[in-house]
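The values are calculated or read from the model by the stated rules, or taken from the named source; none is laboratory data. In this text the structure is predicted, and so the values were computed from the model without any measurement. Backbone-built Cβ (ideal geometry, glycine too); neighbour counts: all protein chains shown. Note: areas computed on protein heavy atoms with side chains; ligands, DNA, RNA excluded. Shrake-Rupley method; radii C 1.70, N 1.55, O 1.52, S 1.80 Å.
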Amino acid sequence: MDTQANKERKFTQAMEKWIMYFMYTLFAGLFLLISLQGSWSESLILFPIAIISLPLTKWGMRWQNERYIRSAQNQDDLKIVMNKLDEIDERLSKLEEN
């Protein structure tokens, strides 16, 4: 059964992967442009920014994605509870008729 949590997990993992590919490509391109210019003083500024922003971005996305997945799991759990309540309601209706 393909639950909402599984769908959300697949989507968020794919988005995380593509966003991180973009970030790596962005910083690699910036470092390439710096190296082509031959002015290495800019890399002293860009390198710490890359070191901080890449792991922080990855951590932030994972934290947010876990929240989305927990929310989807809660929706799945609510559907299960609603189905059980409907079954109990049907049983009560049958018992009241008898």
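For this structure, a couple of remarks:
- Mean residue ellipticity (222 nm) of the chain, computed from DSSP H runs ≥ 4 via -39,500 (n - 2.57), nearest 500: -34500 deg cm²/dmol
- The figure for Arg70 is an accessible area of roughly 130 square angstrom, using a 1.4 Å probe on the protein chains alone.
- FRET E, pair Ser41, Asp2, Förster distance 41 Å, beta-carbon r, rounded to 0.05: 0.20
- Charge dipole of the chain about the Cα centre (unit charges at C-beta), most positive-ward option of Gln73, Leu92, Leu56: Leu56
- Sites listed here are chymotrypsin sites (Phe, Trp or Tyr not before Pro) in the range 24-83 whose DSSP assignment is loop and whose Cβ has at most 14 other Cβ atoms within 10 Å: Trp40.
- Here Glu8 sits with roughly 40 square angstrom of accessible surface, probe radius 1.4 Å.
- Cα centre as origin, Lys/Arg/Asp/Glu Cβ charges: the chain dipole, Debye: 540 debye
- Residue by residue, the range 36-42 carries 3J(HN,Hα) couplings of 5, 6, x, 9, 7, 5, 5 Hz when phi is fed to the Karplus relation 6.51 cos²θ - 1.76 cosθ + 1.60 (θ = phi - 60°); x denotes Gly or Pro.
- Placing R0 at 41 angstrom, the Cβ-Cβ distance between Tyr24 and Glu87 gives a FRET efficiency of 0.20 after rounding to 0.05.
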